[in-house]
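One structure is given below, encoded as C-alpha cells.
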Amino acid sequence: MPFAELQQELNDRAEQGLLRRRRVLESPQGVHVLVDGKPYLSFCSNDYLGLANHPQLIAALQAGAQQYGVGSGASHLVSGHFTAHQQLENELAAFVHKPAALLFSTGYLANFGAVQALAGRGDTIFADKLNHASLNDAMLLSRAEVKRYRHNDVAYLAQLLEQIKSGRKLIITDAVFSMDGDMAPLPELLALCERYDAWLLVDDAHGFGVLGEQGRGSLAYFNLDSPRILYMATLGKAAGVSGAFVAAEQVVIDTLVQNARSYIYTTASPPALASALLASLAVLPKEEWRREQLRKLISQLTDGLAGLPWTLMSSSTPIQPLLVGSNEDAVALSVGLRARGIWVPAIRPPTVPLDTARLRISLSAAHTAADVAQLIGALHELAH
C-alpha cells in the first residue's frame, strides 16, 4: 500500500512549514468571527464589501428557495436553467457593459470553460506568470501552445506575440493579482491585442464590485470597452454570494454554451443563489460608501505599517500583502496575531514564489478604523 509514501510527503511538507490545514467557522462570514470555538477579528475574507451576511441578500435567498426550491436538479442545458439564472445573466451583462453573459458555478470552472472552448491545438496562449491557478490549469488542459511572460512585462509579451504568425492568440491575465494585490496594465494589453489580432481574457475576481464606477470592475476602472475583451468575474467575493460569469460578445457566449465542458457537464447552481445575486447587484452600485470605506482603510493601513521590518507590498486594492520572507517567519507572525485574537493567513510557496512568504491582509468595508488600528498595533508589538 502506498500510504507510507503519502504520509512521508505530508511529513516533508510539515517540516518545510508548508502543511495546510482548515479552520472551522462557527459564525457568519464577517470581520468578527468564531473560529474553532474562539472569537477573532478577521482579515482573511474576500468579502470585500461586507455583503456576505447582508440582510437584503439573505431575504432574497430565502425568497428564492421558497420560489424555486433548493437544488437546480440538472445542468443548464438539460432542465436546470431557471428564470432567476436568465435574469441574472442579463443583468450581469448590462452591469459590465457587455452584450451577453454566462453563469458558471465557480470562477475555476469559468476559466476552465472559457480557455478550453476558445483555444486548442494550433493556437497560442500568452499568460502572466503570476496568474491564478485556475488560469494556469486551464491553459495546460487546452492543448494550445503556452507562452508565459514576466509579470506585467508588456514589452516582453510583445516580443512573444511577434513570433506567432498563425492560429488564435489569447492573452490571459488576472486584473487584480490575488497574492500581490497589484493590477495588470489592461490598456497596454488591449493595445497589443489590437496590434497582433488577439483576444484578452481578463480574470477580474478581485476587481468586480470594488473597482470602477459603481463597482463595475477593472474594465470600468480603466474605461475600456472592446469586443476583443472576454471578461470573467467571480460572485463569491465582493458580490457576497457564490459563482462566476463570463461576459463577452454574443457569439463568444454562444460558443461557450456549445463547447465549454465545465458548463455543459455540471449541475447548475441553485436558482436561489441567483436570486441572492440579483439582490447583490441592486446593492453594489448604490452603496458607494462601501468602496469609500475601503479606500480610507487602505490608506490607514499603509500609513500605519510604515517602518516595520516587513514590507507592505504596493497595492491600491483591498489585498494588502505584508512580505515576510521565510515560511517559518510568516507562520510565526500569523500565530502571534492569532494569539492576540486577530486572524491573518500566512501565504507560502507554492502559492507564492520561494522566499516570498507573506501575510495576506484582506480588508473589508465592514472593518472599522478601530479594527485596522488594532491590527497595526499588534504588528508593531510583534515587531519589537
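The values are calculated or read from the model by the stated rules, or taken from the named source; none is laboratory data. The shown structure was predicted, so the numbers you read here are calculated from the model rather than taken from an experiment. Quick reminder, even Gly has a Cβ in these numbers, built from the backbone with ideal geometry, and neighbours come from all protein chains shown.
From the residues in region 335-367 that are more than 22 Å from the chain's Cα centre (by Cα) and in contact (Cβ under 8 Å) with a residue 24 or more places away in the chain, which one is nearest to G217 (Cα to Cα)?
I342
When residues of region 320-334 are filtered for being within 15 Å of L375 (Cα to Cα) and in contact (Cβ under 8 Å) with a residue 40 or more places away in the chain, how many remain?
Of the residues in region 320-334, 4 are within 15 Å of L375 (Cα to Cα) and in contact (Cβ under 8 Å) with a residue 40 or more places away in the chain.
Which of the following residues is out of contact with any strand residue (DSSP E or B) (no Cβ under 8 Å at 6 or more places or on another chain) and in the same structural domain as A59 (by TED's automatic domain parsing): P309, P350, P271?
Just one listed residue meets the conditions, P271.
Just checking, how many residues over region 190-215 are free of Cβ contacts under 8 Å to residues at least 60 places away in the same chain, more than 27 Å from L281 (Cβ to Cβ) and not aromatic (F, W, Y)?
6
Among the residues of region 337-357, write down those that are over 13 Å from G17 (Cβ atoms) and charged (D, E, K, R).
R338, R340, listed by residue number.
A quick yes/no check of all residues on (1) in a loop (DSSP other than H, G, I, E, B); (2) among the hydroxyl-bearing types (S, T, Y); (3) touching a Cys at 6+ places or on another chain (Cβ under 6 Å):
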| position | (1), (2), (3) |
| --- | --- |
| A274 | no, no, no |
| S280 | no, yes, no |
| R290 | no, no, no |
| L301 | no, no, no |
| G307 | yes, no, no |
| V331 | no, no, no |
| T351 | yes, yes, no |
| A373 | no, no, no |
| I376 | no, no, no |
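Given the criterion among the acidic types (D, E), assigned to a helix (DSSP H, G or I) and touching a residue at least 60 places away in the same chain (Cβ under 8 Å), identify the matching residue among E5, E91.
E91
Six or more apart or on different chains, Cβ atoms under 7 Å: show the pairs whose first residue is in region 368-382 and touching a residue at least 40 places away in the same chain (Cβ under 8 Å) and whose second is charged (D, E, K, R) and not in a helix (DSSP H, G or I).
Close Cβ pairs (under 7 Å, with a partner that is charged (D, E, K, R) and not in a helix (DSSP H, G or I)) amount to A378/R340.
Looking only at region 223-261, count every residue that is outside any strand (DSSP E or B) and under 18 Å from the mean Cα position of the chain (by Cα) and tell me the total.
9
Conditions (1) within 19 Å of G30 (Cβ to Cβ); (2) modelled with pLDDT of 95 or more; (3) of a type outside the set (V, I, T); (4) in contact with a Ser or Thr (Cβ under 8 Å, 6 or more places away or on another chain), marked per residue:
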| residue | (1), (2), (3), (4) |
| --- | --- |
| T255 | no, yes, no, no |
| R261 | no, yes, yes, no |
| S280 | yes, yes, yes, no |
| G304 | no, yes, yes, no |
| S316 | no, no, yes, no |
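Name the helices (runs of 4 or more DSSP H) wholly inside region 109-218 in which the number of residues that are among the polar types (S, T, N, Q) and under 25 Å from L49 (Cβ atoms) is 1 or more.
133-141
Any idea which of (1) in contact with a Pro (Cβ under 7 Å, 6 or more places away or on another chain); (2) over 30 Å from L379 (Cβ atoms) is the one G73 doesn't satisfy?
G73 satisfies all of (1) in contact with a Pro (Cβ under 7 Å, 6 or more places away or on another chain); (2) over 30 Å from L379 (Cβ atoms) except (1).
Please determine whether any residue of region 310-327 is of a type outside the set (A, V, I, L, M, F, W, C), outside any strand (DSSP E or B), touching a helix residue (DSSP H, G or I) at 6+ places or on another chain (Cβ under 7 Å) and exposed (fewer than 15 other Cβ atoms within 10 Å of the Cβ).
No, because not a single residue in region 310-327 is of a type outside the set (A, V, I, L, M, F, W, C), outside any strand (DSSP E or B), touching a helix residue (DSSP H, G or I) at 6+ places or on another chain (Cβ under 7 Å) and exposed (fewer than 15 other Cβ atoms within 10 Å of the Cβ).
Identify, please: which residue in region 14-35 is within 26 Å of the chain's Cα centre (by Cα) and under 30 Å from D355 (Cβ atoms) and is, among those, modelled with the highest pLDDT?
V35
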